[in-house]
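Engineer: Following this message is one structure expressed as structure tokens.
The values are calculated or read from the model by the stated rules, or taken from the named source; none is laboratory data. Not measured: the values here are computed from a predicted model. All Cβ positions, glycine included, derive from the backbone under ideal geometry; neighbour counts span all protein chains shown.
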Amino acid sequence: MPKPGKRKKMEAPSPKILVDYSPGFLRIIRSKVSCSLANEEEVTLQCYKLNVYSTGGFFSAHVDTPVDAAQMIGTVVVCLPCQHTGGELIVKHKGAKKEFLFANLSADQAKVQWAAFYSDCVHEILPVKSGHRITVTYNVIRKKPSRSESGYGYCKNQHFFTGQKIKADQDAALNNIVADVLKITEKRRKQLGIFLRHKYTMSALAEGILKGLDQVLCDGLASRGLTCHFLTILVQEKENLPDEYDELYRDEEDDEGRVYAFSREDMLYVNNEGPKPQHAAWKAMEFIKDWSKGKLVVHRKETDAENCGNYTQPGAVDQLYFQSTVVIGIPESSDVKPLEENRGCSTSGDADDADVKDEESDEEDDEESDEEDCERR
Ligand SMILES: O=C(O)CCC(=O)C(=O)O
Ligand SMILES: [Fe+2]
């Protein structure tokens, strides 16, 4: 049953006729999605649900619960031709926002419109103003990994799929990132964790098949001789207290926000189903919270979080997306390939100079949020 305030639409599991129906346009969508979301690995589109929004119908901000925690990477929405106005699909990721307005062409029976996005992107449907908006959603399931020939991923854009390709083994921005990583690890002799741009279920992270630029980052680090492993984490965000509360409540130690490892063992402990896990090595680690082309940001300005996400049963950890990091071992200097080898062969052409920041970021703020308060489809 729809919950008031969360969604107002009718939905049904895809009828068998839709599941079995494999029109030509699906093949085209699948190949485009494989290129743009899956580093050209093969994907299947699994028919999931039929949504009917009448006038006033909407769907509040949510992320899609993965049906296959290890392999599901995204969602495809196909809008069937049926005249309506309003009903914009808004997709957000890390401060970027993309609006899909299917209404304008909705009366054209010859047009099937569609959108695709990574499953950890928050999305919502604004109220339909007239007519009926009918969509079919597909889960994008990645087939078992078989790395591309070069062994290095690439992707087109940090958030959605426009723009130039960035190649992991060539991009100058990655050279800059690696140079920054080396500077930090050399100076402080600490393990270094870099926050991934997307969130992952624990199983997906264990599989190590990452989304978009995250895969490019990890391939880029590995191709330059750095050893990496992955970790799901919880981040205690700094609260923005009004000035008058500042002196009363501000705890010096809280200033930076804290990062905790969060594994299946931690989840069991939280649910009173296992012993308290040890995190002995944890203190000796430094975190980089944000990275983008050619720039590492050690701290980032935190902004209001929109509470939005998915619910799950206690213990059902694979239904949740976690902030995740790649952890880089302290390199022996001989492990790392000379960066000069890679210089000058950028395919992106728009990499900024590396800039290791110790202050708040002036980048767009992260609009992602705690994944708690709102139910998923
Ligand atoms: O109808 C749409 O455009 C999207 C529906 C959706 O987000 C969902 O079914 O999870
Ligand atoms: Fe959704």
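Matching residues to (1) surrounded by fewer than 21 Cβ atoms within 10 Å (Cβ to Cβ); (2) modelled with pLDDT of 90 or more:
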| site | (1), (2) |
| --- | --- |
| ALA116 | no, yes |
| TYR138 | no, yes |
| HIS159 | no, no |
| ASP169 | yes, no |
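Conditions tested, residue by residue: (1) in a strand (DSSP E or B); (2) within 15 Å of ligand 2 (Cβ to nearest atom); (3) free of Cβ contacts under 8 Å to residues at least 60 places away in the same chain.
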position: ASN51; (1), (2), (3): yes, yes, no
position: PRO66; (1), (2), (3): no, yes, no
position: ALA70; (1), (2), (3): no, no, no
position: GLY74; (1), (2), (3): yes, yes, no
position: VAL77; (1), (2), (3): yes, yes, no
position: PRO81; (1), (2), (3): no, no, yes
position: VAL91; (1), (2), (3): yes, yes, no
position: ALA110; (1), (2), (3): no, no, yes
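Engineer: Within region 93-108, take every residue that is in contact with a strand residue (DSSP E or B) (Cβ under 6 Å, 6 or more places away or on another chain) and part of a loop (DSSP other than H, G, I, E, B) and give me the one that is nearest to ligand 1 (Cβ to nearest atom).
Structural biologist: PHE102
Rundown of residues vs (1) within 29 Å of GLU41 (Cα to Cα); (2) in contact with a His (Cβ under 9 Å, 6 or more places away or on another chain); (3) modelled with pLDDT under 75, yes/no style:
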{"residue": "GLY220", "(1), (2), (3)": "yes, no, no"}
{"residue": "HIS229", "(1), (2), (3)": "yes, no, no"}
{"residue": "GLU247", "(1), (2), (3)": "no, no, yes"}
{"residue": "PRO275", "(1), (2), (3)": "no, no, no"}
